[in-house]
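Below: one structure, written as structure tokens.
Just so it is clear, none of the values below were taken in a lab; they were calculated from the coordinates. Just so it is clear, the structure is predicted and the values come from calculations on it, not from any experiment. With ideal geometry, Cβ positions are generated from the backbone for all residues, glycine too; neighbour counts draw on all protein chains shown.
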Amino acid sequence: MLTEETLRKAIRAAGSGDVVELRPLSGGLGAAALWRVVWPDGRASVARAFPEGAADAAERERLAMAAAREGGVRVPSVQAQLDIGERPVLLIDLVPGWTVFDAVQHRPGDAVRLGRSMGEQLAGLHGVRAPARLADDGWLALGGDALAPLAPLLRRLPAQDRLLHLDYHPLNVLAHGEVSGIIDWANARSGPPFLDLARSHAIIHAARIAGILPAAESEPDAIDELLRGLRDGHAATFGPDPSPGLCRAWALAMTVADVEGHIGRPGSPFTPEVVGRLARERDAAIARVRAGDM
């Protein structure tokens, strides 16, 4: 287990300076641990500590963030990369603002505007070619065997060299008036842009079913309005998705494969019933595409 003293010593040994405060932060469902780091001049950073043996994952995140930032996307800068034994740590700028989810809960009237800002930033990301280290067709396998019947169609999707985030949702995007930073790049890789947009919708849908986000009402709520803005902001650059059924099927498959590993974990909202419902929706979406509904 990574302790405060071990992390403090590693930061000092790497030449990053003394630390005034180290405080654990609550993270999402991923494996990385987060710490708030406060420096003597009052600046704050985040230490993102990966599991042992995850050097490749840390390097992929660093490369993705650097490429996105160079492309003009609002991404925290990586200040340093440390190694604590076999455990890599990225020191990252602390971005000001709330999560977009918190922002729209506080001011629901801002949902469309913040969603559009999210869509514009996502479109900006999709204007960036993925770094060579991330450029492969691994995105095809992210949905598991269920997608095998759709593989020929998926392989024909255009612009497969674009940088994707693949965990782009209102808890991983910060806002300070507008989008101020995109965090948690663990899933970043190359792939067709509209898969990333569909994946955002699938994540939010799954989070609502699992009770992580408020359930959808009969009338559009702030999350629905946020999604509308997200679509519109992205479409302003890329236009509408030409294959929404195919992209939705892929995104649901990736999301099912993602959350299946959380079944049985203490406190996990992804119960067998929740995952089973998502799997049935995935299968129905795949069947519709096979019947010609692209």
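Data for the structure
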| quantity | calculated |
| --- | --- |
| Nearest-20 debye value, the chain charge dipole, Cβ charges on Lys, Arg, Asp, Glu | 340 |
| Global size of the chain as Cα Rg and Dmax, reported in angstrom | 19.2, 62 |
| Pairwise FRET efficiency - Asp136 versus Ala159, Cβ, R0 = 22 Å, nearest 0.05 | 0.90 |
| The stretch 98-129 and the stretch 215-294: distance between their alpha carbon centers, rounded to Å | 18 |
| Other-chain or far-sequence residues with amide H under 5 Å of Trp98's (modelled H) | Ala175 |
| Check: the stretch 139-245 dipole with +1 on Lys, Arg Cβ and -1 on Asp, Glu Cβ, in debye | 500 |
| Spin-label model distance (nm) - Glu59 vs Met294, 7 Å beyond Cα toward Cβ | 3.9 |
| Computed over the stretch 140-294, the ratio Rg/Rh where both radii use C-alpha atoms and Rh is Kirkwood | 0.95 |
| Computed [θ] at 222 nm, helices only, for the chain once each DSSP H run of length n ≥ 4 contributes -39500 (n - 2.57) | -13500 deg cm²/dmol |
| Kyte-Doolittle mean at least -1.0 and Cα axial length at least 20 Å: DSSP H helices in the chain | 55-70, 111-126, 193-209, 222-238, 244-260, 272-290 |
| FRET E, pair Asp145, His262, Förster distance 22 Å, beta-carbon r, rounded to 0.05 | 0.70 |
| The stretch 122-231, Cα convex hull volume normalised per residue, Å³ | 129 |
| Inter-label distance, nm, simple model (7 Å from Cα along the C-beta direction), Arg228/Arg129 | 3.9 |
| Label-point separation in nm, Arg280 to Ser77, each point 7 Å along Cα→Cβ | 5.1 |
| Amide proton proximity set for Ser190, modelled H, under 5 Å, gap of 5+ | Asp136, Leu164 |
| Shape of the stretch 4-93, Cα gyration tensor, a/c cut at 1.5 | oblate |
| Mean separation of Cα contacts under 8 Å, 6 or more apart, over the residue count of the chain: relative contact order % | 17 |
| Cβ-derived FRET efficiency at R0 35 Å, Glu70 paired with Arg23, nearest 0.05 | 0.70 |
